[in-house]
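The values are calculated or read from the model by the stated rules, or taken from the named source; none is laboratory data. The structure presented is a predicted model; accordingly, all values stated were derived computationally and were not measured. Backbone-built Cβ (ideal geometry, glycine too); neighbour counts: all protein chains shown. Heads up: the accessible areas ignore ligands, DNA and RNA and are worked out on the full protein's heavy atoms, side chains in. Shrake-Rupley method; radii C 1.70, N 1.55, O 1.52, S 1.80 Å.
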Amino acid sequence: MNSYIEKFNTTITKTFFSKLPQNEQEFIREAAMKYKFSHQELIQIINISRDLGLWDEPRITEIFPDHPSRKVVFAKLKEKYESIRNTPNSYENFTLKNIPQEQKYTFKTKAKEGFGLGLCPVVSEKTRCCNLLTLDAVESCGFDCSYCSIQSFYNQNTITFDSTFKDKLLNLQLDPNKTYHIGTGQASDSLMFGNREGVLDALFEFAHKNPNVILEFKTKSDNIKYLLENDVPQNILCTWSLNTPTIIENEEHLTASLDKRIAAARKLADKGVKVGFHFHPIVEYVGYLDEYQSVYEKLILQFKPSEVALVSFGTLTFIKPVIKQLREREFRSKITQIPHEDASGKTSYPEATKIEMFKHAYESFAPWQNGEEKVFFYLCMEPHELWEKTFGYNYATNNDFEHAMLGAYCKKIGQDYLI
Ligand code: SF4
């Protein structure tokens, strides 16, 4: 067997080659035999082929350049791929594939080591961060959002509860003279499993015992039954991650629809619970600003600023394991079809795109930015300089940001802010 065939067969074993459609495998094998691509070139060509399928764009067989030189062919192919990747994508002719129709996971309860309370896993000095404390009440999530990094940390088919969670939580020693901000919506969805394993019972009791803790439930569900049936301590905030119908339908699988999420928030606000909204990730696609505009307007129409504690904005940031995990899956998503500029070691949109989306979002909520009951707005996980360019102000340090946030939340729920 000639050595290049051996090299080719060795290289492809460590790639997504076997996951490509048969015709693309044959096409790449033929092209490789003709041009004798290097190990690195082959890996990139296979990833290009995989991405074009994932994004439901013209396939490698349709865009492959015709030229006698290997170097020219590879350069032209990359150019074509990057122009497809960097052009704002459109969901107009996008067809979903193998999208889960129902939540398939098993529940597991075990006594876990340690206690999942710590600083937000993505807090950094490179970004302006609020120093949120995250509490892993439940491990892993039953929803299937294509951009979510949780999927690269946990086994998605198993939802794990800690049988010792309640004891650990109620024995937590906190400084009663300090205000804390703790969120349970990072390692899982805060409400989709309701009071399973008594998790909400424990969290409510904890909130009652620690009025100086602002406890934030973050969700994409409309499962608010427990909160409607029980007195909700005033130091509990319920916040929804919202997105446009286009992104919810194409990238946030198994989650509640936009209208169901907003309706759930409305019901809790009617009950006097302070709510909030996270637009994270805001995703760029053809016509996105108009579609986000109509979501922002829906909220301004349906809620009074006195009922809303916060609105946050953020966008896509990718780490390599998530991109790899998405390429491995047999489904379609356009979520990685972005320019992937460096963002503090991760990848994201270029600054100009971020300024466009965040400025538009912030300015759309102008009616909620003044007066006694104004809402607290923030950028999540974004570099310092972006605040000035979108909000027109910035916090000098993460601690200043945290103080401003907790001060605003305490004022909204009617309690003193303890520094
Ligand atoms: S700004 Fe966002 S990423 Fe940073 S600490 Fe707060 S929640 Fe975490």
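So the values come out like this:
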item	result
Filter result (in contact with a strand residue (DSSP E or B) (Cβ under 7 Å, 6 or more places away or on another chain) and away from the ligand (no atom under 16 Å from the Cβ)) within region 124-142	Val138, Glu139, Ser140, Gly142
Thr315 surrounded by fewer than 20 Cβ atoms within 10 Å (Cβ to Cβ) and under 21 Å from Lys389 (Cβ atoms)	no
Check on Ile159, within 17 Å of Ala207 (Cβ to Cβ), in a strand (DSSP E or B) and either touching a Lys or Arg at 6+ places or on another chain (Cβ under 8 Å) or within 16 Å of the ligand (Cβ to nearest atom) (or both)	no
Among the candidates Pro350, Pro383, residue that is in the same structural domain as Val273 (by TED's automatic domain parsing) and within 13 Å of the ligand (Cβ to nearest atom)	Pro383
Residue list for region 1-58, filter: in contact with a Gly (Cβ under 9 Å, 6 or more places away or on another chain) and buried (at least 17 other Cβ atoms within 10 Å of the Cβ)	Leu20, Glu24
Selected residue [away from the ligand (no atom under 15 Å from the Cβ), part of a helix (DSSP H, G or I) and either out of contact with any Asp or Glu (no Cβ under 8 Å at 6 or more places or on another chain) or in contact (Cβ under 8 Å) with a residue 60 or more places away in the chain (or both)] from Asp167, Asp189, Asp175	Asp167
Count - residues of region 55-114 that are among the hydroxyl-bearing types (Ser, Thr, Tyr) and closer than 18 Å to Ile248 by Cβ	3
Filter result for the condition that a residue is open to solvent by less than 10 Å² (accessible area, probe 1.4 Å) and either in contact with a strand residue (DSSP E or B) (Cβ under 7 Å, 6 or more places away or on another chain) or outside the structural domain of Leu386 (by TED's automatic domain parsing) (or both), over His280, His253	His253
